[in-house]
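One structure is given below, encoded as structure tokens.
Please treat every number below as a calculation from the coordinates, not as lab data. Please read these numbers as outputs of a predicted model, since none were measured by experiment. In this analysis, Cβ positions are derived from the backbone assuming ideal geometry, glycine residues included, and neighbour counts consider all displayed protein chains.
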Amino acid sequence: MMIIDLHIHSKSCSDGNLTVEEIVREAKKRNIGLMSITDHDSVGCQEKAMALARKNGIRYVYGVELNVTFSHPRYRNGKSTSLDLLGYQFDVKDKELENKLEKIGKYREERAAKILDKINAEFEKEGIEKLTEDDWRKIQESVDGVIGRPHIANYLVRKGVVRTVQEAFDRYLVKCDVPKYPLYVEEASRLVRDAGGIIVLAHPNDPHGISLAELTRSLEEQTEIIEESILRYIDGVECWHSRNDILTTNHYIKFAKKHGLIMTGGSDCHQKPILMGTVKIPEYVAKQFQL
């Protein structure tokens, strides 16, 4: 039985807690036969990951996770929300994709700096010592790949402002958020497809993450939204995920089969705890990829 995990995040290029080397070592230990590291808005680690996976006898698929802005007129008064798309098997040297990811990476830096300004305004109200240039430098030093809110949360824990990452989000990061780079489903799809890849809707019903659950908890309504606004831009859907219940998985398998979509799955592992390879994904998923 092949163990598959097509949704993993690294410290090297994203907001995971293990480097690419450590992830591949752990994957080998866990007998993972097919894997993909899908870092947020970054493909900088893909060639290294491919080489290391091959060396360890693991089949590897190039991957990336792109955050997109999405809205639907029937939900939240048309107010936009975020969705995640997974790109697979693209040309990692595609110039247009590379340039766009570089632009997003630069924007992430600017966004993080603005979030810190807002946090400082909250600290001032609460009589907490404000974050300094030195704190900003330390946060940047803790980032190997692209900066994100989890890096700020981790730093607030290290500094003793909050006890946990969750508390950092609840008390500061949700309130002090700044809009993400405005990448839309159509553009993300075109970028990945033009680079020879396939595009997959990630964790469509994730109750604790970026998903259609933000618009509606009804699985039927979610798939109606996909049919109306997203279907033509995707090649597949992530049917297996560490936060899926059985109803969600079965609903999306049925939906994927109805529309002839590729079915993928993964743990979405950020390595705290290490979930890699723990989601039971059927072997036929591997057959959908030309490896």
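Just to check your reading of the model, which residue among Asp91, Asp84 is in contact with a Gly (Cβ under 8 Å, 6 or more places away or on another chain) and part of a loop (DSSP other than H, G, I, E, B)?
From the options Asp91, Asp84, the qualifying one is Asp91.
Counting only helices (runs of 4 or more DSSP H) that sit completely within region 173-271, those holding 2 or more residues that are over 22 Å from Ile32 (Cα atoms) and in contact with an Asp or Glu (Cβ under 9 Å, 6 or more places away or on another chain) correspond to 185-194, 246-259.
Test Ala51 against the stated conditions and say whether it is farther than 29 Å from Val192 by Cα, of a type outside the set (S, T, N, Q) and free of Cβ contacts under 8 Å to residues at least 24 places away in the same chain.
Numbers: farther than 29 Å from Val192 by Cα: no; of a type outside the set (S, T, N, Q): yes; free of Cβ contacts under 8 Å to residues at least 24 places away in the same chain: yes.
When the stated conditions are applied, Ala51 does not pass them.
Within the span defined as region 30-40, one or more residues are under 14 Å from the mean Cα position of the chain (by Cα), outside any strand (DSSP E or B) and buried (at least 17 other Cβ atoms within 10 Å of the Cβ).
Filtered by the rule that a residue be closer than 23 Å to Glu228 by Cα, within 15 Å of the chain's Cα centre (by Cα) and buried (at least 18 other Cβ atoms within 10 Å of the Cβ), region 53-85 gives Glu65, Leu66, Asn67, Val68, Leu83, Asp84, Leu85.
Kindly provide the set of residues from region 225-243 that are closer than 26 Å to Gly78 by Cα and either surrounded by 15 or more Cβ atoms within 10 Å (Cβ to Cβ) or polar (S, T, N, Q) (or both), ordered by number. The answer is Ile225, Ile226, Ser229, Ile230, Leu231, Tyr233, Ile234, Asp235, Gly236, Val237, Glu238. Checking every residue in region 13-23 against the condition of being in a helix (DSSP H, G or I), more than 20 Å from Lys100 (Cα to Cα) and of a type outside the set (A, V, I, L, M) gives at least one match.
Each row is one residue, and each column tells you yes or no for (1) without any contact (Cβ under 8 Å) to a residue 24 or more places away in the chain; (2) assigned to a loop (DSSP other than H, G, I, E, B); (3) surrounded by 14 or more Cβ atoms within 10 Å (Cβ to Cβ).
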position: Glu96; (1), (2), (3): no, no, no
position: Leu101; (1), (2), (3): no, no, yes
position: Arg108; (1), (2), (3): no, no, yes
position: Ala112; (1), (2), (3): no, no, yes
position: Lys118; (1), (2), (3): no, no, yes
position: Glu124; (1), (2), (3): yes, no, no
